[in-house]
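In what follows, a single structure is set out as structure tokens and then discussed.
The values are calculated or read from the model by the stated rules, or taken from the named source; none is laboratory data. Every value quoted in this text rests on a predicted model; they were computed, and no experiment measured them. Here Cβ is always computed from backbone atoms with ideal geometry, including for glycine, and neighbour counts include all displayed protein chains.
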Amino acid sequence: MTEAALRVVIVDDEEPARARLKDLLDDIAETQPTRVVGVAANGLEALRLIQDLATDVVLADIRMPVMDGVELARHLGRLESPPAVIFTTAYDEYAVQAFDLAATDYLLKPVRAARLAEALARARRRSPAADALLAGLSRGARRHFSVNERGRIVLVPVADVLFLRAELKYVTARTAAREFLLDESLVQLEQEFRDRFVRIHRNCLVARGAVTGVERAGEDDGEPHWDVVLAGLAERLPISRRQWSAVRHALGL
């Protein structure tokens, strides 16, 4: 029985690489039928495309400007029916082992037709990799958080977030404009963004660059403490006694 054609989006910042993948897909069409439904030069372009296109497989380069392939895969994982992602990479053997451990398929450049066919066959039966595993492949922190709102992915630039606060099973990401709910762990966010955010309380991280100072509070109710003052935000965030020393050191107070 003939396999159904996989709907493919190709993502690479180099046009010759995109063209080669198209040619290879044509070469293996008899055994692995596909239909290229879109092409993009970076992860951000791809994410916008895929939200409006029925997509089964994404062939994504690892290193791209604006948004790399790993970050793209993490955002796609928040879709209700995420496509399979196959990375194309020129990584060395050590890095490739990391992809094996993450149960994420990859194609070493220059891509070969037989290997592409094998990866597509696997994609037909493999579930998308978990976000935690994809995070282990990244060589740096994400540039965006992603939020699923009404079935679409909304990207929130990390640089715009003033604080992250754990509330029940979600984390609130607060920008100057509004709040967003992230389905992520505050502990994991602290580890990934330790250079950008500092913990002020067991349930709260603040952006170092947004802090304009601290002020004394709670004198009237008998529970004196220090609050963080953030640029562009009227709300004050309390610093716990346990974190006060670390906060002072981190912010140079």
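For this structure, a couple of remarks:
- Residue list for segment 3-14, filter: assigned to a strand (DSSP E or B) and not hydrophobic (A, V, I, L, M, F, W, C): ARG7
- Search result, residues across segment 19-41 that are over 24 Å from GLU3 (Cα atoms) and in contact with a strand residue (DSSP E or B) (Cβ under 7 Å, 6 or more places away or on another chain): ALA40
- Checked across segment 14-23, the condition of being under 14 Å from VAL85 (Cα atoms) and buried (at least 20 other Cβ atoms within 10 Å of the Cβ) holds for no residue.
- Test: ALA159 is of a type in the set (A, V, I, L, M), more than 24 Å from ALA135 (Cβ to Cβ) and not assigned by TED's automatic domain parsing to the domain that holds ALA54: no
- Subset of segment 196-253 (residues that are under 31 Å from the mean Cα position of the chain (by Cα) and at positive phi): GLY213, GLY232, GLY252
- Matching entry among VAL198, VAL229, VAL211, VAL206 (being touching a Gly at 6+ places or on another chain (Cβ under 8 Å) and within 19 Å of ASP160 (Cβ to Cβ)): VAL229
- Only residues that are in contact (Cβ under 8 Å) with a residue 60 or more places away in the chain, closer than 19 Å to ARG122 by Cβ and within 21 Å of the chain's Cα centre (by Cα) were counted across segment 1-42, and they come to 2.
- If only residues of segment 112-132 that are touching a helix residue (DSSP H, G or I) at 6+ places or on another chain (Cβ under 8 Å) and either within 11 Å of ARG74 (Cα to Cα) or not assigned by TED's automatic domain parsing to the domain that holds ALA19 (or both) are counted, the one that is modelled with the highest pLDDT is ASP131.
- Strands (runs of 3 or more DSSP E) fully within segment 201-253 that include at least 2 residues being free of Cβ contacts under 8 Å to residues at least 40 places away in the same chain: 211-217, 225-230, 237-239.
- Test: residue in segment 43-52 that is in contact (Cβ under 8 Å) with a residue 40 or more places away in the chain, touching a strand residue (DSSP E or B) at 6+ places or on another chain (Cβ under 6 Å), among the polar types (S, T, N, Q) and under 28 Å from GLN191 (Cα atoms): no
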